[in-house]
Amino acid sequence: MGAQMLRGLVESGFTNIAFNAFYNVASDLQRDPFAVSDESWTQFLKEVFEEWISIDRPDVKVRELDNMIAWTRGRVARSCVFRGSCSSWMLVDHDGKIYPCERLGKSTCLGNVMLVTSFAEVVKALSHRAFTAQTLRMPEKCKSCPMQSFCHNGCVAHRIDDGDTSPHYAYCGSRLAFYDYLMKRVGVNADIPTASPSNILGE
């Protein structure tokens, strides 16, 4: 599925591509027919990576691959799902109300654009600071994880309460498994300047 999807997009002219695993925080992954399991997401990423290598076009960028490869090179991932907090994002609804992110729904309102003079004012507000502090809380299992400084407990909207000290990233297993897979395939080489297929495999 992943290989076919990537090749189809590239053949249609797309070169900057991103994939999102669907996880409904209000549902049980085992019962939600639309949710993507940890194992399925791992397999999907592996298929996308191998197809990306096969296509061998430096101009084709896949967000998930770029972020993971950046980590193997000792660099910082740019995507918000690797930042651990939604503090740099805001969603303004049709009625002017401000929310952290569209993935989180409307459970946390940060104000209204009609009542503030700047977004800097929103960031300084108690509601925004409280939300940011909450999202930065780290489960105990994350604190000793070797990927902690890269993963930061994943997307805030994809965290579940599994009995740890704070909600835990639902796709933790796939992130660890895919990183392990990448390390076995490409190793670590901080001198490689760009994440292109030929450079990654040293061809």
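Taking the C-alpha atoms of the chain, how large are the radius of gyration and the largest Cα-Cα span, Dmax, in Å?
Rg then Dmax for the chain, in Å: 18.5, 57.
Could you work out the helix-only [θ] at 222 nm for the chain, with each DSSP H run of four or more residues adding -39,500 (n - 2.57) and the total divided by the number of residues, to the nearest 500 deg cm²/dmol?
Details: 9 runs with 81 residues, N = 203.
My calculation for the chain gives -11500 deg cm²/dmol from helical runs alone.
If packing is taken as the mean number of other Cβ atoms within 10 Å per residue, what is the order of 166-179, 68-81, 121-134, highest first?
Working: 166-179: 19.9, 68-81: 16.8, 121-134: 14.1.
Packing order, densest peptide first, comes out as 166-179, 68-81, 121-134.
If amide H atoms are built 1.01 Å from N in the plane of the peptide, which residues on other chains or at least 5 residues away come under 5 Å of the amide H of Tyr169?
Amide H neighbours of Tyr169: Ile160.
Take each uninterrupted DSSP H stretch in the chain, measure its Cα extent along the helix axis, and return the ones at 24 Å or beyond whose mean Kyte-Doolittle hydropathy is at least -0.5. Mind showing how you got there, number by number?
Values: long enough: 38-55 (26 Å, -0.36).
For the chain, where a helix must reach 24 Å along its axis and average at least -0.5, the hits are 38-55.
Say we join alpha carbon atoms closer than 10 Å with springs in a Gaussian network model of the chain; which of Val62, Val116, Val186 then has the biggest fluctuation?
Maximum among the listed residues: Val116.
Please compute the length gained on full extension between Phe22 and Lys141, using 0.36 nm multiplied by the number of residues separating them and subtracting their Cα-Cα distance.
Difference between extended and current length: 40.5 nm.
Rolling a 1.4 Å sphere over the protein heavy atoms, what is the accessible area per residue of the chain, to the nearest Å²? Display every interim value, and only then the final one.
Values: 11300 Å² over 203 residues.
Accessible area per residue, the chain: 56 Å².
What length, rounded to one decimal in nm, is gained on full extension from Arg57 through to Asn112, with 0.36 nm per residue of separation minus their alpha-carbon distance?
Working: separation 55, 0.36 × 55 = 19.80 nm, distance 4.47 nm.
Full-extension gain reported as 15.3 nm.
Quick one: Karplus J couplings for segment 161-170, per residue in order, coefficients 6.51, -1.76, 1.60, θ = phi - 60°, nearest Hz, x for Gly and Pro?
Using θ = phi - 60°, the values come out as 8, 10, x, 7, 6, 7, x, 10, 4, 5 Hz.
Using amide H atoms built in the peptide plane, which far-off residues or other-chain residues are under 5 Å from Leu91 H to H?
Long-range HN contacts for Leu91: Tyr99, Cys101.
So how compact is segment 43-96: Cα radius of gyration and Dmax in angstrom?
Answer for segment 43-96, Rg first and Dmax second: 15.2, 47 Å.
What residues qualify as long-range amide H neighbours of Val62, i.e. H under 5 Å apart, gap of 5 or more or another chain, H built at 1.01 Å from N?
Ile17
If r is the Cβ-Cβ distance from Val92 to Glu11 and R0 is 35 Å, what FRET efficiency results, to the nearest 0.05? Kindly include the intermediate steps, with their values, before the conclusion.
Working: r = 36 Å, r/R0 = 1.03.
The formula returns an efficiency of 0.45 here.
How much of the DSSP beta bridge set in the chain is antiparallel, as a percent to the nearest 5? Each step should come with its number before you reach the end.
On the way: 6 of 8 bridges.
Close to 75 percent.
The values are calculated or read from the model by the stated rules, or taken from the named source; none is laboratory data. The shown structure was predicted, so the numbers you read here are calculated from the model rather than taken from an experiment. With ideal geometry, Cβ positions are generated from the backbone for all residues, glycine too; neighbour counts draw on all protein chains shown. In case anyone asks, the SASA skips ligands and DNA or RNA and just uses the protein heavy atoms, side chains included. Shrake-Rupley method; radii C 1.70, N 1.55, O 1.52, S 1.80 Å.
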